[in-house]
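No lab work stands behind these numbers, since they all come straight from the coordinates. What you are looking at is a predicted structure, and each value in this text was computed from that prediction instead of being measured. Note that each Cβ is placed from the backbone with ideal geometry, even for glycine, and that neighbours are counted across all protein chains shown.
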Amino acid sequence: MHLIRYLEEIFENLAVESCDPRFAEASSASDLSLCDVILAMYENNPRALHTISDKTADLFFNALKLQLHLRPKYLQMLGAIMAHRSDDLSQNKIIVCQKFLENPSLFPETRKRGEVVLVKMPTISKAGSTWADIRDLMQDELDREYYCQYVNLLSCFLHGRTRSVDENRGKLSKAGLLSFELCFTCLQCEQLPPSIRAAYCRLLIDVFIDVPPQEEKQVCEDLQIWSEMYSQPLRTNESLDCSLEDLMGLK
C-alpha cells in the first residue's frame with residue numbers, strides 16, 4: 001500500500017510539471033514510463049483496485065485536462081481500475097462513470113447523420129474541435145488511439161450484469177451516449193481501422209446482448225441486432241481478411 005501511495009504522489013505531480021515548458025519535453029518519456037508502471041500495478045491487483053476512491057479518480061481526470069499526449073494511456077488506466085478476473089469492482093465503475101459524465105468536454109462527441117458518422121474530438125490534435133467524418137479523423141494516430149480507448153471505456157462501464165452496471169447503463173443512455181444504430185454502423189464500416197470496429201463490437205455486446213435476460217425491452221433490441229446481422233452480412237477489411245469472429249476476439 002505504501003508503493004501505491006508513493007506512485008500516486010508522483011502521478012499527481014506530473015500535471016504540474018507538464019505545464020512548465022522547462023519540464024514538458026524532457027518529462028514526456030518518463031511520464032509514459034510511469035504510466036506503464038501504474039497501469040501494471042493496477043491490472044488484476046485486488047489490493048490496489050479496492051483502494052480506488054474519488055481522490056484517485058480525480059488524479060486521472062485532472063491529468064486528462066493537462067497532458068494531451070498521454071490521454072489515451074490515461075483512459076486505458078481508467079479501464080484497468082474497473083476490471084478484474086474475479087473481483088466485483090462495482091464501486092469503481094460507479095465512481096469513474098460519474099466523473100466521466102461530469103467532464104464531457106474531455107471526450108469525443110459522436111453523431112450519426114444518415115449513413116455518415118460525425119465525430120467532434122476534444123482539442124488533442126490539429127483536427128480536433130470541429131465536426132468531421134469519423135473515417136477522416138481516424139487517419140490521425142493520436143485521435144484514433146484516443147477514440148478507441150474512449151469506446152473501450154464505455155464498454156468497461158457496462159461489462160457484466162450487476163446493479164452498478166444497470167445504473168451506469170441508465171445514466172449513459174440518458175446522456176445519449178448509447179446507440180444501436182451507431183454501434184452497428186461503425187462495426188460494418190470497412191473504411192474504419194479494425195481496432196475501432198472491434199471496440200464497437202465489444203460495446204454492442206456489453207450494451208445490448210450480455211444483459212439480464214428478464215428485461216423485455218432488451219429482448220426486442222437483441223432480436224433487432226441479430227436480424228440486422230443476418231440480413232446485412234458484415235463487410236470486412238479485405239486487405240486484412242478480418243471476420244466477425246476476429247473482431248469479437250473468438251479466434
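Shape summary: region 155-200 maps onto an equivalent ellipsoid whose semi-axes, from the alpha-carbon gyration tensor, are 24, 12, 7 Å in decreasing order.
Which FRET efficiency value, to the nearest 0.05, is calculated for Val37 and Asn62 with the Förster distance at 25 angstrom and r the Cβ-Cβ distance?
Values: r = 19 Å, r/R0 = 0.75.
Approximately 0.85, to the nearest 0.05.
Coupling constants for region 171-178 follow from the phi torsions by the Karplus curve (6.51 cos²θ - 1.76 cosθ + 1.60, θ = phi - 60°), and in residue order they are 5, 5, 5, 4, 7, x, 9, 10 Hz; glycine and proline get x. Once the Cα-Cα distance is subtracted from the 0.36 nm per residue extended length, the Ser53 to Asp87 segment shows a gain of 10.6 nm. Sequence-ordered 3J(HN,Hα) estimates for region 96-110 from the Karplus curve with 6.51, -1.76 and 1.60 and θ = phi - 60° stand at 5, 4, 5, 5, 4, 5, 7, 10, x, 5, 7, 10, x, 9, 10 Hz, glycine and proline given as x.
Multiply the residue separation of Glu109 and Thr162 by 0.36 nm, subtract the distance between their alpha-carbon atoms, and state the gained length in nm to one decimal.
The span from Glu109 to Thr162 would gain 16.4 nm if fully extended.
Between Ser173 and Asp136, the distance separating the two model label sites (each 7 Å from Cα on the Cα→Cβ line) works out to 3.4 nm. Karplus-based coupling profile of region 41-50, in residue order and whole Hz: 5, 7, 4, 6, 10, x, 4, 6, 5, 7, with θ = phi - 60° in 6.51 cos²θ - 1.76 cosθ + 1.60 and x standing for Gly or Pro.
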